Amino acid sequence: MRLAGPLRGVAVVLLVGLTWFLASTIFGGDSGSSVRHFFTEPRPRRYKCGLSAPCPPKHLAFRVVSGAANVIGPKICLEDKMLVSSLKDNAGRGINIALVNGVTGELLETKAFDMWAGDVSDLLKFIRPLHEGTLVFVASFDDAATKMNDEARRLFEELGSTAAKELAFRDSWVFVGAKGIENKSPFEQRMKNSKGSNKYEGWPESLEMDGCIPLRAPLES
């Protein structure tokens, strides 16, 4: 009975040693780091704006997220810099827009337009005079369509949108277009406000879109 304690201790030491030996044999090299690696999920590498892969040279990495209901504001990220967000205090109900120089990737201006109680003329004055090649990043929040008129929808279509003409009350919408684009933009998503499929009461789910946009060659003078 007096040997039970020491024998138990020896057994524990032998068990630990055997486990260490097996780990070293199976994993090879530094068994300690190998075991830790085996039991720990490797973290995926993070690229600009949270993309899963890096963008090619002369491309801009972006992520655009629409607002969630009327609670969580939208986000617009470009080259790992947050252009629009609630934390920056420049996001608002309606349509949130960031204008970017398509040649240099430089931020030109950000602005939010209240499309429920605001004046659509403010939006029209903002997007009518855009220069050729200007990139336009758009994220909706709460309601982006009530005050939209035919001209506003047409101007967004000229920027490459296919969803603007059908955008309706409380639809979720994210879009990236450009002044002078020749084809329809490949960067656009719309989630229709539908009572039967809405994720939130009265609102569809938030949309999230990311990708790489090629920089434009400088215009010849």
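Using the structure shown, list the pairs from 125/184; 111/147; 58/81; 88/111; 58/88 with a Cα-Cα distance above 19 Å, or answer none. Present the calculation step by step, with values, prior to reporting the outcome.
Numbers: 125/184 23 Å; 111/147 16 Å; 58/81 17 Å; 88/111 12 Å; 58/88 27 Å.
From the list (125/184; 111/147; 58/81; 88/111; 58/88), the Cα-Cα distance tops 19 Å for 125/184; 58/88.
Quick one: which of 138-144, 66-72 comes out on top by average Cβ neighbours within 10 Å, and what's the full order, highest first?
Values: 138-144: 27.1, 66-72: 18.9.
Highest to lowest by the protection proxy: 138-144, 66-72.
Need one number: nm distance between label points at residue 169 and residue 70, each 7 Å from Cα along Cα→Cβ, rounded to one decimal.
1.2 nm
Place the peptides 190-203, 89-102 in order of packing, highest mean first, counting for every residue the other Cβ atoms within 10 Å and averaging per peptide. Mind showing how you got there, number by number?
Values: 190-203: 13.4, 89-102: 21.6.
Ranking, from highest mean packing down: 89-102, 190-203.
In whole Hz, what ³J(HN,Hα) sequence does segment 191-207 give by Karplus (6.51, -1.76, 1.60; θ = phi - 60°), x for Gly and Pro?
In residue order, the calculated couplings are 10, 6, 6, 9, 4, x, 10, 4, 6, 10, 5, x, 9, x, 6, 6, 10 Hz.
Give me the percent of the accessible area of segment 50-123 that comes from carbon and sulfur atoms, probe 1.4 Å, all protein chains in place. Could the numbers behind the result be given before it?
Values: 1890 of 3570 Å².
That fraction is 53 percent.
Send over the semi-axes of segment 79-204's equivalent ellipsoid, whole angstrom and largest first, taken as the square roots of 5 times the C-alpha gyration tensor eigenvalues. Working shown, then result.
On the way: eigenvalues 102, 54, 42 Å².
Gyration-tensor ellipsoid for segment 79-204: 23, 17, 14 Å.
Between residue 90 and residues 5 or more places away or on another chain, which pairs have amide H atoms under 5 Å apart, with H built 1.01 Å from N, and which residues are they?
Here 85 satisfy the definition.
Kindly report the accessible area of segment 121-221 per residue (heavy atoms of protein chains, probe 1.4 Å, no ligands, DNA or RNA), in Å².
Each residue of segment 121-221 exposes 53 Å² on average to a 1.4 Å probe.
The values are calculated or read from the model by the stated rules, or taken from the named source; none is laboratory data. Note that the structure is predicted; figures quoted are calculated from it, not measured. Using ideal geometry, Cβ is built from the backbone for each residue, glycine included, and neighbour counts are taken over all protein chains shown. What goes into the accessible areas is simple: the full protein's heavy atoms, side chains included, and nothing from ligands, DNA or RNA. Shrake-Rupley method; radii C 1.70, N 1.55, O 1.52, S 1.80 Å.
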